[in-house]
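Each reported figure results from applying straightforward, stated rules to the coordinates on display, with no laboratory input. Being a predicted model, the structure only gives us computed values, none of them experimental. When we count neighbours, we look across all protein chains shown, and the Cβ atoms used for this are built from the backbone with ideal geometry, even at glycine.
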């Protein structure tokens, strides 16, 4: 049995390395992205082998799912941009024409002058790219293989420190929840989680600062199948999201997985019905994406004034407070992920 | 020897290899999408080291290292989302999504303001 | 004991369908036949695996969850296959870039 | 007589962290008032910070440890995340607040469209807040997140002008930052695997010279050196710094780079000091010298004013790198690095903001056509010159004090080492002098057209903040030479591993 599992481990690791290699060596971006999503799913299996079902859930939902969707929509945008005749002076990020209206695959117009030579270097087709140049191949190889060797040698010398598992187990009874990872994320190391929410928000703000959103370069398939499937899947996704949120207190799950599932549902809706998306008030949207972190900080301030320190709360109130914080975090994360998928800020924000 | 190769010992080596592989891709490839993928693969390598450390030995897995990995994944996806938005923005301005080495416009005397 | 044996048989049968589906994906000549092989064989294979695992489940809640997984994969697989087929029908065969 | 109780200091530390997070959050939630939030919040934050410095200096001599450590959530290390406030952290918080406030008053006039303001101010406050949280953090993993927050907001700010150069620079900056952060995180993972803790102070107590610590040091310090743009990892700096909006350039050169050096110094003082060997000293010295010469030469031939200033940052970072060999030979000399970062931060922010004013007035910043504007704008030229003088290290300025301390520490170190190290130190003294000479040359190149005869043309209108803020920063940089003693007093209370 042990030998069988060991073989499985080796095959999985070889598969991961092989897929990663093929992904990074690819000259076709679409293929690279598909391989990357495969890589994410294989990673989720590896996390299960490492007794980390929470991380496997998160990897499948966030690492492979959301990242994959973002990558694919980026490819679609790039294809659209590069097939559009452009002038060198459009510094203003004007939204490209609606892709549904100009569905014909126009041949890529060659950029002029200096840009042309660079673009020729990069390969003309929108979704292909030049293979790595031969120059410098050996140096890079030696450096990276050397780095891998050093890292492995270092890891081989390490002793097995039990880490903080005993300490966490000792304090579980006052954490307010029954699941170790949730206890760490929302009680013992809640500062990390608060800053992580800030990081998600900041990614959204950064994307918004780059320009207004364009018409989503999605081409809805004609016919009733996709909208029908969305109608079927949307309630299930919402139930799953809420379930994951609630389950986080005692079993694998939690705010980030739930937020990713709800975000994925939102992305699905925006793919199926890109022309019927609601255009929410930008003020509401801004408050929505910051609400999770603001709520978290506001609850944390209690500890600052009542003592002993920021983000402290009485252990008998820990469970309800953690649930409130997680709910806010889930909603903000889901909203931010959908906003990142749609792209830039709402044009109504600038008026 | 075989007995000592529990997943917690084996997988960190894989993580180190993934980190180096990602670095190789980041240095060698010029297209921004591939570079972003390379950074993500490097990140996965780091997470594999973390989770391997969490699973080492016979004790139950270390929840702190697992929680750190979860945080790391969310931070990575945020950074990736912003990097992709920046890539699209760059492509809109220049028509290509490649970072080429060599002098930029700033190093020449001509500047967009002069036109 | 009988449940264990049945589980083994069902899961192995399911895996055989998965293998057949994957073989079809790799070897069949065009998009439609590939989709055909992949979705049909995989849906059946997953059904058999789920059935096998249900025999090992601890309670009705677990059985329900397993059944739900199968239904959801059926719905998602059917939608995705339809979209790929539709796109191929309107835009022609995906280009091969090797 | 000490009036401050430990509770007050713990409250102050927590409040600093809460404000650093709260202001940017409020501004993100309501960008329509973000400018007001920033312009009201930053001065209040500075007042709070000054009160904290006062409290700290009042209580510090009585404390048994030289740092205020706050276990967030009521959990002490190793389980929880700890905020670590000591003299070094307070000094960096002060520098951050000063540069951010000057930059804010500058940006009031610089960003003039309402839509631009809504995007600028939240990100600007995130940069300030992220750097504050970075300086306050005492936990290896928490540092990774704060590094990411600071770099992401910096990158978004660089891209904000929206021209091709800025966005290209931002993209390079982002990739370098991601690489640096991941390298840092892998180092933290290795340390956690060996010692089972993430708290820097606990790591410092456990760490000894071994393969894990060496590898972790290489990864963490290497990642940070990349972010700090130390030669030969500096390629991204010039484009990013030169093409960003002027207040952002000031903050990037003045504070972001300094924060990376702060973190290197912090890790060095707490964990990695036992690794110092002469070989490492020579390597860092060579890198520093190369950066000094190469950056200065690039600054001498750059065609645009802001690029001159940006390359001068590469050169000045070479100086700071030169200080690390001294630390290896003479560990007590570490405040030199802080002095240098402080003096450079203020002076460089002054120079870059003054360059931004010139650029705004003239409509461009090409070196060969700036004469008329420079001749007509005395205040701005004075700020350029005064900031430049501090960078050169003329007597009585902060830059002079920093370089003097550098030399003194170097000579002290040379007195009790081997011949080879003495030769090396002599070379090093030559490098410091050569660097000052080169700095003089490129500073003269910036301001000389102002003193030539020719037409005068003040160019376009610039706001009062854009005229006065560079001057205020330059005066601050120069005054550092006189106020150095109080900074030393603050730095005495810093956690250093035994």
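The table below gives the values:
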read-out: Highest to lowest packing among B:64-74, D:17-27, A:322-332, scored as the average C-beta count within 10 Å; value: B:64-74, D:17-27, A:322-332
read-out: For D:467, D:205, order by how many other beta-carbon atoms lie within 10 Å, fewest first; value: D:205, D:467
read-out: Chain D, relative contact order [Cα under 8 Å, separation at least 6], %; value: 17
read-out: Within the protein assembly as shown, percent of DSSP bridges classed antiparallel, to nearest 5; value: 90
read-out: Relative exposure of B:31, A:275, D:364, judged by other C-beta atoms within 10 Å (fewest first); value: A:275, D:364, B:31
read-out: Normalised contact order of region C:2-91, rounded percent, pairs of Cα under 8 Å and 6 or more residues apart; value: 33
read-out: Per-residue Cβ neighbour rank within 10 angstrom, fewest leading, A:26, D:390, D:181; value: A:26, D:181, D:390
read-out: Average beta-carbon neighbours from other chains, 10 Å sphere, peptide A:249-258; value: 1
read-out: Shielding by partners, peptide A:304-315 (average Cβ within 10 angstrom, other chains); value: 6
read-out: Calculated Rg and Dmax of the protein assembly as shown using C-alpha coordinates, Å; value: 28.7, 103
read-out: Peptide ranges D:166-178, D:128-140 listed from the most packed, as the mean C-beta count within 10 angstrom indicates; value: D:128-140, D:166-178
read-out: Relative contact order (%) - criterion: Cα under 8 Å, at least six apart; region: region D:227-346; value: 35
read-out: Separation between Cα centres of region B:41-78 and region D:207-269, rounded to whole Å; value: 25
read-out: Convex hull volume per residue in cubic angstrom - Cα atoms of chain A; value: 202
read-out: Computed Kirkwood radius, in angstrom, where 1/r is averaged over Cα pairs of region C:2-91; value: 14.0
read-out: Average beta-carbon neighbours from other chains, 10 Å sphere, peptide A:127-138; value: 3
read-out: Span from the region A:1-44 Cα centroid across to the region D:1-53 one, whole angstrom; value: 47
